[in-house]
Amino acid sequence: MLYSPASRLRESSDEADTLVLDTRRAPGGVHSGEPGPPEPAGSGDGDGDRSRGLLKLLSLLGVAVICGLIAWHVGVKILFIRGNLIMAGYTILISSYVLSRFGLAAFYRPPADRGIEPTVAIIVPAYNESEAVSRTIHSCLALDYPRDKIEIVVINDGSSDDTWERMQEAAAQYPPGAVRCIDLGRNMGKRAAMAAGIRATSSEILVFVDSDSMPAQDAITKLVQGFADEKVGAISGLTYVRNADTNSLTRMQATRYYVSFQLLKSAESVLGAVTCCSGCFAAYRRSAVVDLLDEWEHQRFLGVECTYGDDRALTNRVIKAGWTTRYDSRAEAWTDAPDDYRKFFRQQLRWKKSWSREGPLLLAHIWRSRLRALPSVAVQTVAGLMSPLVILYSLAQPLTHGRFPAVYFVGLFLVSCAYALVYRMLRNDGMWIYAFLGTFFYIAFSPQLLWALARIRDGKWGTRDDAGTGQSPPAPRSEAADRTMAQPCLAA
Amino acid sequence: MSRPQRPGAAARAGAALLRTLTALVAVCAFGVAVMTWIDLSKPFDPPRIAPLPVAAAATTGAVPAYPGAITVLTYHDISDRNPSSKTLTRRAFGEQMATLAALGYQTVPLTTVRDLVRHKPVRLPARPLLLTFDDGSLTTWTTVDPVLERHHFTAVAFLTTDSLVDPGTPSYFLSTRQVRQLKETGRWEFGSHSAAMEKLAPIPGDVGAPLTNRLRTDRGDETTEQWRSRVAGELARSQRRLQEMTGDPAVAFSYPFGDAGHGSNIPTIATELPGLLERGGFDIAFVGENVPTGHVDAVTDSSPRWLLPRIGIRRTTSVADLLKILKESMPTAMPSDLTRLRWTGQDAECLTRPESVTVKSRTGSYGTCAVHGVNTSRWLNYVLDLKVAGLSPRTTAVIGVRDGEGAGHYGRVEVSVGVTRMVVRQRVHSDPIKVLHTFPLPSATKRTLRLEVRADALTVRVDGRPAATVTFDRRLHEGGVTLARIGSGAVTFEHPTLANRSAP
């Protein structure tokens, strides 16, 4: 049903009989600081193959059963529509949306390998990343791509630490010209840094890599293949969470990233409109971006210059200009997720703000730019905006009406099961339970959307902690990570 | 974040166990969620329109029609999953509706019933029917209504108004919006089944229906005055709710438990309740929530409007049962030649010939022949002519009139004719037999008799001469004829003929 590249399956299957989580997937690891390709995965030993295959089949069956049950529920609801029409309508819409994700994802195929090798510019904006930046530079240079067709640009966005020195240090290890370092001189924001990178290069394809992201060795080769189709303007890669092992929070995020990419982005890709080609690892066609560069760089919303949601805003404009956007599950990268709840909370707030800004903007033009994505974008936007009210209403019901909103919670439970089963089907690393728990965890955060809407004009990133507190220098890497890891774009 | 090199065997076994347990718990939780979801997704049964059962089709026309008599049926909820005795399965209900439709029953609105019992002129179809559904169950909306639509039937829902829920609330009962939607179909009228008196409540020394009993409360037993204000308040609340929902005041009430207060712990309640109902804005009230254990009549213009009879239908009522009850509830037109009827004997053998009925002793000294399965509720004023043969000093003939067997009361007026005298007696319920009149006769073994019943008086003529006029108990206001004999030997009743003396 869901496309699962053999390489990834092989990679994860060998960990089955130990509960040790797969850290080799994160090249370099958190502490090693050394760039390196993912170790070749050990091939599954024949013994467990059959039972593993059986488990995958059972998981698939479970997903099919859940989808069938939800479809049946929707059918009954429509045939015998009754009771509260608003709630019934919401149930029908949201269930159909979830079902359509599974259905569309089943038809997802990554772009075919055409063997093309266009010129590629890798653009790495960096802000106070003294530690991570050199690692990122090393991993970019270790990429398996013809040296003469790749240009790497690292932009220092007015860092207050020694990022600039570290950048130059790392670049000096390579032949002159292999890595270009640009210093904006003062802090101008991530958008300005990205735009500067775009202007400083001339390659056909622009690949954005966050300063804490690490693409796999073959990621660029894979990622550019989709551009063989002239209509494709942007392609998102698959981003894993590198620090998944840190705690339950990062585990939940890791599973969430994975399911979101494999289910939601796959489904969107089938419709030809991936609504967010994430900043941590995505490629854009220069000709698609260049015309709207100024407009994007100086986007204003409700009278305020936009400082967050750069990648979603850029993808949005690319779609508006009539380009197709796709997702390539073979092009893999690793990024860091926030490992404490405070940072996670702020990151979620920022994503929700950018989603509430860009969602309606997308809805405003999607009927012209890509009609077949309209139903899904419409439901996603409307139901997404309703979801905080629905969850608050559902939680209030036992108090106000004296009854438990069983349909809502059992439905949520089943959807969580489906996510966990999808995760278990594609990856065997013992983390499926976090895919299950994570769904509830993320839903619990949805009322935050109300706060996000209230503060939508507030351009602060909210994670800088106002260095004025004058305490010991905050861990620069993680702080910056929090900032740059802006948009893996996991829809609300 | 140091990574263990290679876990030991024990650790690996522990991990495997943990993994198995987690998987087991997950599978169980998944199973429970699936079952719950299935239950949640089908909160009601879709309607089932049954084809006409063969047995019922064969008996089409077997139920007699009687002008001016409306058949009233009581149902509750219709569900395959509720095992309650009040609940019919969808199939059984569908079959019953199909049967009624095939028999040519046509539903009438509540106002027709009201006008009929208030002696106003009404136009009735050949086989008028009133379907009533008590309690206001959700299935009224989900299951009943589509079946009614199919057969072009209308119905009355008697709602326990406090049980109705807000729109969107999963419940056994209807929501207010569903009530409005039913109203909009034009198929439904609504009556009150009280506001919240559908549950038995503690009464002094027992539990009983709260509508018709003084309750036992924390502060002692209710007084009659408290009962009165409680019932009046509840009737007003129910009426108000119905009016809010449907826009019209409800005219009809159905007694919870079908109890109109005749077994109440205050004797006056039964007489007082109609007044309270009338003040609550109701015009008519129905009993008959339960399945009939004795006689039940169709509603006619002589039915008491605060005690309108209904036929309760239960899970155990088959289509054949329904047809039998329908037939027995329908008044039978008075025949003129009684030898045409099928006489059956109790402690007697009944020989029916074209001109006579002979009652022969079988065992005891008292044997009766009666006609069963004939509804005599409309046999009011009539003249019975017959000749009695076979009298002897040891053999007396007994002719019963206003016999309650087919009319729903226990009793009759008996004329006992011997060789030398005649006695008129009445039997009412379990009261002692009362001799109303004794009259000497000239000795004869054969006599010509004429019995004329009119209102509560009986006039007997023997051999053409007026013999006696007696008045009897008012409770014997209708009923048929029985033929009996006392002693040994056989008595033959020749040419028994009836003539109707009721106003048309």
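Quick note: the coordinates plus some simple rules give every number you see, no bench work behind them. Given the structure is predicted, the values throughout are model-derived calculations rather than measurements. Ideal geometry is used to build each Cβ from the backbone, glycine not excepted, and the neighbour counts take in all protein chains shown.
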*Sorted by packing (mean other beta-carbon atoms within 10 Å per residue), highest first, where do A:65-74, A:316-325 land?*
A:316-325, A:65-74
_On C-alpha positions alone, give me the angle between the axis of helix B:224-246 and the longest principal axis of chain B, in degrees, nearest 10._
70 degrees
*Residue exposure sequence - B:HIS76, B:HIS372, B:HIS437 - by fewest surrounding Cβ within 10 Å*: B:HIS372, B:HIS437, B:HIS76
*Give me the percent of DSSP beta bridges within the protein assembly as shown that run antiparallel, rounded to the nearest 5.*
65 percent
_Sequence-distant residues sharing a close amide H with B:ARG501 (under 5 Å, placed H)_ = B:ASN381, B:TYR382, B:VAL383
*Gain in length, B:ASP166 to B:THR36, computed as 0.36 nm per residue apart minus the alpha-carbon separation, to one decimal in nm?*
44.5 nm
*Just for chain B, what percent of DSSP beta bridges are antiparallel, to the closest 5?*
75 percent
*lysines with Cα under 18 Å of A:LYS149, excluding same-chain neighbours fewer than 8 positions away*: A:LYS222
*Positive-end residue of B:LEU200, B:PRO249, B:ILE38, charge dipole of chain B with Cβ unit charges*: B:ILE38
_Two-decimal Rg to Rh for the stretch B:338-500 - Kirkwood Rh, Cα set_ = 0.92
*Computed label-point distance, nm, for sites B:CYS28 and A:ASP144 using a 7 Å Cα→Cβ extension*: 4.7 nm
*Along the positive direction of the dipole of chain B (beta-carbon charges: Lys, Arg +1; Asp, Glu -1; about the Cα centre), which of B:ALA457, B:PRO128, B:SER84 reaches farthest?*
B:SER84
*In peptide A:58-69, what is the residue-averaged number of other protein chain Cβ atoms found within 10 Å of each Cβ?*
1
*asked:* Check which residues have an amide H placed less than 5 Å from A:ALA273's amide H, if you skip close sequence neighbours.
replied: A:THR325
*asked:* Out of all DSSP beta bridges in the stretch B:54-329, what portion is antiparallel? Express it as a percent rounded to 5.
replied: 20 percent
*Please list A:349-358, A:156-165 highest first by mean number of surrounding beta-carbon atoms within 10 Å per residue.*
A:349-358, A:156-165
*By per-residue mean of other Cβ atoms within 10 Å, what is the highest-first order of B:311-317, A:174-180, B:324-330?*
B:324-330, B:311-317, A:174-180
*Between the helical axis of B:90-102 and the dominant principal axis of chain B, each derived from Cα atoms, what acute angle in degrees is found, rounded to the nearest 10?*
40 degrees
*asked:* For a quick check of your reading of the filter: which GluC sites (Glu not before Pro) in the stretch A:112-151 sit in a DSSP loop and have no more than 11 other Cβ atoms within 10 Å?
replied: none
*asked:* If amide hydrogens are placed 1.01 Å from N in the peptide plane, which non-local residues have theirs closer than 5 Å to the one on A:ILE182?
replied: A:VAL154, A:ILE155, A:ASN156
*Just name one of B:GLY220, A:ALA273, B:THR344: the one whose Cα is farthest towards the positive end of the charge dipole of the protein assembly as shown (beta-carbon charges, Lys/Arg +1, Asp/Glu -1).*
B:THR344
*What dipole magnitude, in Debye to the nearest 20, does the protein assembly as shown give about its Cα centre under +1 on Lys/Arg Cβ and -1 on Asp/Glu Cβ?*
3600 debye
*Bin by bin, in steps of 5 Å, what percent of the Cα pairs in the stretch B:322-429 do you find, going until the bin that has the longest distance?*
2, 11, 18, 25, 22, 14, 6, 2, 1, 0
_Descending principal axes extents, the stretch B:54-329, alpha-carbon based, whole Å_ = 60, 44, 35
*asked:* If each residue of separation counts as 0.36 nm, what is the full-extension length gain between B:GLU278 and B:GLU349 once their alpha-carbon separation is subtracted?
replied: 20.4 nm
*Which value, in debye to the nearest 20, gives the size of the charge dipole of the stretch B:338-500 about its Cα centre, when Lys and Arg are +1 and Asp and Glu are -1 at the Cβ?*
220 debye
*For peptide B:31-38, how many partner chain Cβ atoms fall within 10 Å of a residue's Cβ, on average?*
5
*What is the average number of partner chain Cβ atoms found within 10 Å of a Cβ in A:422-431?*
1
*asked:* To test your reading of the geometry: what angle, between 0 and 90 degrees and rounded to tens, separates the Cα axis of helix B:9-41 from the longest principal axis of chain B?
replied: 40 degrees
*Using alpha-carbon pairs under 8 Å, 6+ residues apart, how would you state the relative contact order of the stretch A:107-218 in percent?*
41 percent
*Show that you can apply the helix-only estimate: for chain B, add -39,500 (n - 2.57) for every DSSP H stretch of four or more residues, divide by all residues, and state [θ] at 222 nm to the nearest 500.*
-7500 deg cm²/dmol
_Length gained when the stretch A:ALA321-A:ARG109 is fully extended (0.36 nm per residue, less Cα-Cα span)_ = 73.9 nm
*Obtain the nm distance between the two label points defined at B:LEU17 and B:ARG475 by a simple spin-label model: each point lies 7 Å from its Cα along the Cα-to-C-beta direction.*
8.0 nm
*Paramagnetic reach from B:ASN500 in the stretch B:304-339 [backbone N under 16 Å; point 7 Å along Cα→Cβ]*: B:330-338
*To the nearest 0.05, what FRET efficiency results for A:ARG52 and A:MET188 with a Förster distance of 56 Å applied to their C-beta separation?*
0.65
*Using a basic spin-label model with each label point 7 Å from the Cα along Cα→Cβ, how many nm lie between B:ASP301 and B:THR459?*
2.5 nm
*So what's the projected area for the protein assembly as shown, the Cα convex hull averaged over all directions, in nm²?*
57.0 nm²
